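Each remark here refers to the structure printed beneath this line.
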Amino acid sequence: MITEKEQLVSFVLHLADDSLVLGHRNSEWTGHGPILEQDIAISNIALDLIGQARNFYQYAAALKADGATEDTLAYLRDAMDYKNALIAELNKGDWAVTTLRQFFFSTSKFYLYQQLQNNSDTTLAAIAEKSLKEVTYHLRWSAEWVIRLGDGTDESNARVKTALEYLWPYTGELITPASYEQAQPGIDFAALKKNWTNHVLQVLEQALLTPPVNDWMQSGGKQGIHTEHLGYLLAEMQYLQRSYPGCEW
């Protein structure tokens, strides 16, 4: 039988993995952004996400109390041990894919952290409160880009439409809780889903975009079933630590 503590560890690792994996994906834009200002913006968002991941990994390590550290949890686990949503690990794609994915992701975290900041678990609440300040900016920035691309040129509209068709089947996992999420007290996932859906549809409407008519959604990431993209991402991200175990700057 899975204990409450084990459920909490899984939940915290899920939050950490989500942030780390998407942070790494966004970092791939550093030096390659469409303009200098946005190159800096996406790099700062990547840093915010990795900082959030560090806080969650540190808490997970403290809960596990088995010698694990934030570094071992980030760099020495195999792909099947990661609990991030599949949408976070997909290749960075073009600017439309990156900004639309960030919008979907940040919307879910915005409403989740709003609830978590009042959680009875004071450590989790403190991390959520700090993260919410950053996610609020991520959400505003990404929503502005989605609208800018959708209501822009013919090419930008076509690109974000293609991105929407590609990403939409991965959005369901963002608002469908895994068993370890459902086990956490004080989180209203029905409200989260409603708020996510309402906000996403509102922004897509402003961007002149219509979500695909598709009820089927990809899933499995939260349970450790991933796409091939995560394996390649981890091979790159974990190379130094696995090649030189215990290496520190």
Near-label residues of the stretch 181-214 by backbone N, under 20 Å of a point 7 Å along Cα→Cβ of Glu165 = 204-205, 207-214
Pop out the ³J(HN,Hα) list for the stretch 15-25 in order, Karplus 6.51 cos²θ - 1.76 cosθ + 1.60 with θ = phi - 60°, rounded to Hz; leave Gly and Pro as x.
-> 4, 5, 5, 3, 5, 5, 5, 5, x, 5, 4
Inter-label distance for Lys133 and Ala190, nm, one decimal - labels placed 7 Å from Cα along Cα-to-Cβ | 3.4
Given the candidates Thr98, Leu233, Ser120, the one whose Cα lies deepest towards the positive end of the charge dipole of the chain, counting +1 at each Lys or Arg C-beta and -1 at each Asp or Glu C-beta, is Ser120
Exposure-ranked with fewest Cβ neighbours within 10 Å first, Ser219, Ser108, Ser179 stand as Ser179, Ser219, Ser108
For helix 154-167, report the angle its Cα long axis makes with the longest principal axis of the Cα atoms of the chain; keep it between 0 and 90° and round to the nearest 10°.
-> 40
Please give the contour-minus-distance gain from Ile2 to Arg242: 0.36 nm per residue of separation, less the Cα-Cα distance, rounded to one decimal in nm.
-> 83.4 nm
Taking the alpha-carbon centroid of each part, what is the distance from the stretch 174-249 to the stretch 99-168 in angstrom?
-> 12
In the Gaussian network model of the chain, springs joining C-alpha atoms below 10 Å, which of Ala41, Ala163, Ala16 carries the largest mean-square fluctuation?
-> Ala41
Once phi is turned into ³J(HN,Hα) by the Karplus curve 6.51 cos²θ - 1.76 cosθ + 1.60 with θ = phi - 60°, what whole-Hz value does each residue of the stretch 92-105 show in order, with x for glycine and proline?
-> 5, x, 8, 5, 5, 4, 4, 6, 5, 4, 4, 5, 4, 5
Counting all C-alpha pairs of the stretch 170-249, share separated by more than 23 Å (%) | 48
FRET E, pair Ala158, Leu47, Förster distance 35 Å, beta-carbon r, rounded to 0.05 = 0.65
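Going by C-beta contacts inside 10 Å, put His199, His226 in order with the fewest on the left. Write out the running numbers ahead of the final one.
Numbers: His199 17, His226 20.
Least crowded to most crowded, the residues run His199, His226.
Cα convex hull of the chain: mean projected area in nm², to one decimal?
13.6
How high is the FRET efficiency from Asp151 to Asp215, r the C-beta distance, R0 22 Å, rounded to 0.05? Could you put the intermediate results ahead of the total?
Numbers: r = 27 Å, r/R0 = 1.24.
E(calc), rounded to 0.05, equals 0.20.
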Using a Gaussian network for the chain with springs between C-alpha atoms less than 10 Å apart, which of these wobbles most: Asn214, Asn26, Asn91?
-> Asn214
Relative to the longest principal Cα axis of the chain, at what angle does helix 122-150 sit, 0 to 90 degrees, rounded to 10?
-> 20
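Based only on other Cβ atoms within 10 Å, what is the fewest-to-most ordering of Lys133, Lys193?
Values: Lys133 10, Lys193 17.
Placing the least packed residue first, the sequence is Lys133, Lys193.
Filter the cross-link list Lys83/Lys130; Lys83/Lys161; Lys5/Lys222 down to pairs whose alpha-carbon distance in this structure exceeds 24 Å.
Details: Lys83/Lys130 22 Å; Lys83/Lys161 28 Å; Lys5/Lys222 17 Å.
Exceeds cut-off: Lys83/Lys161.
If you take every residue apart from Asn84 with its C-beta less than 14 Å away from the C-beta of Asn84, what net charge results, scoring Lys and Arg +1 and Asp and Glu -1?
Working: positive: Arg25, Arg77, Lys83, Arg101, Lys109, Lys222; negative: Asp17, Asp18, Asp78, Asp81, Glu89, Glu173, Glu181.
Here the count lands on -1.
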Pop out the ³J(HN,Hα) list for the stretch 170-181 in order, Karplus 6.51 cos²θ - 1.76 cosθ + 1.60 with θ = phi - 60°, rounded to Hz; leave Gly and Pro as x.
-> 9, 6, x, 5, 5, 10, 10, x, 6, 4, 6, 6
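Where a number appears in this text, it was derived from the coordinates with a stated rule and is not lab data. The shown structure was predicted, so the numbers you read here are calculated from the model rather than taken from an experiment. So basically every Cβ, Gly included, is an ideal-geometry build from the backbone, and we count neighbours across all protein chains shown.
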